[in-house]
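In what follows, a single structure is set out as structure tokens and then discussed.
Just so you know, all these numbers are worked out from the coordinates, no wet-lab data involved. Everything numeric here is computed off the predicted structure, so don't read it as measured data. Methodologically, a virtual Cβ is constructed for each residue, glycine included, from the backbone with ideal geometry; neighbour enumeration extends over all protein chains shown.
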Amino acid sequence: MSPSIDKSPIELITTRRSVVAANMTDPGPSDDELNTIIAAGVRVPDHGRIGPWRIQIIRKDAQAKLGALYGKLFKEDNPDAPDDLVEFNRDRPSRSPILLAITFHPDPERYVKVPHSEQILSCGALCQNILNGAHAMGFVAQWLTEWPAYHAEVKNALGHAAETEIVGFIHIGSATDAPQERKRVGAESVVSEWAG
Ligand SMILES: Cc1cc2nc3c(=O)[nH]c(=O)nc-3n(C[C@H](O)[C@H](O)[C@H](O)COP(=O)(O)O)c2cc1C
């Protein structure tokens, strides 16, 4: 996939849009391309150089393993769910060539100078940089949480402690169909002048 070199940086940022993971297909980024996208991700404002974020790359085999866990957990939590819904949940991680799990690892000892909110904002900025990086490289992406981000056993299976938060799963791939534009909160409804 070639980078979106026909667009200026500002055009890239102002035209980015998510493609739903269900509409993703191959190719995903190569290892080099993924490294570039992740480099964009970590180039993020980070007050106090805490680096309170981690990125796990989940490729196809691991996606299937994670999906097996999702299916099991979903069935346990929803014993009356029909098989096709269990199957849908088992397939959740496998919708894209590359899945990233982004986790937030706060450092409470730094809260006096860098409050929890600033640390998690840096983590959100990292996610957004990954979305823009993927878009700039000619791929599509979607940032999802869904129920698995809030399930303790998913966090545990990914190897994280209880105080770690999964802030998102980012799917990256190519679009089966060009995404339609959606209604957005426009600048005109959120921007005002403050003149003292
Ligand atoms: C933290 C976070 C979690 C999200 N989780 C979900 C989700 O679980 N399901 C979903 O459909 N969209 C979720 N979204 C929204 C999508 O990432 C995306 O913004 C939406 O599909 C609209 O696309 P756009 O990026 O083109 O505006 C989430 C967004 C954020 C910032």
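Kirkwood radius and radius of gyration were both taken over the C-alpha atoms of the range 65-196, and their ratio Rg/Rh is 1.05.
Counting only lysines at least 8 places from Lys65 when in the same chain, those with an alpha carbon closer than 28 Å to its own are Lys75, Lys155. Here the calculated FRET efficiency for Lys65 and Asp32, from their Cβ-Cβ distance with R0 = 25 Å, stands at 0.50, rounded to the nearest 0.05.
Remark on the range 94-165: ratio of C-alpha radius of gyration to 2.2 N^0.38 Å is 1.26.
Listed by chain and number, the aspartates and glutamates whose C-alpha is less than 19 Å from the C-alpha of Lys113, apart from same-chain residues fewer than 8 away, are Asp46.
Where does the charge balance sit around Ala21 when Lys and Arg score +1, Asp and Glu -1, over other residues with C-beta under 12 Å from its C-beta? Charge balance near Ala21 sits at 0. Orientation-averaged projection of the range 1-137 equals 10.5 nm² [convex hull of Cα atoms, one quarter of hull surface area]. Computed from backbone phi with θ = phi - 60° and the Karplus coefficients 6.51, -1.76 and 1.60, the 3J(HN,Hα) list for the range 176-189 is 6, 9, 4, x, 7, 5, 10, 5, 10, 6, x, 4, 4, 8 Hz; x is used for glycine and proline.
Each peptide in 99-109, 21-31, 123-133 receives the mean, over its residues, of other Cβ atoms within 10 Å, and ordering these scores from highest gives 123-133, 99-109, 21-31. Computed across the range 50-119, the Kirkwood radius stands at 14.3 Å (inverse of mean 1/r, all Cα pairs).
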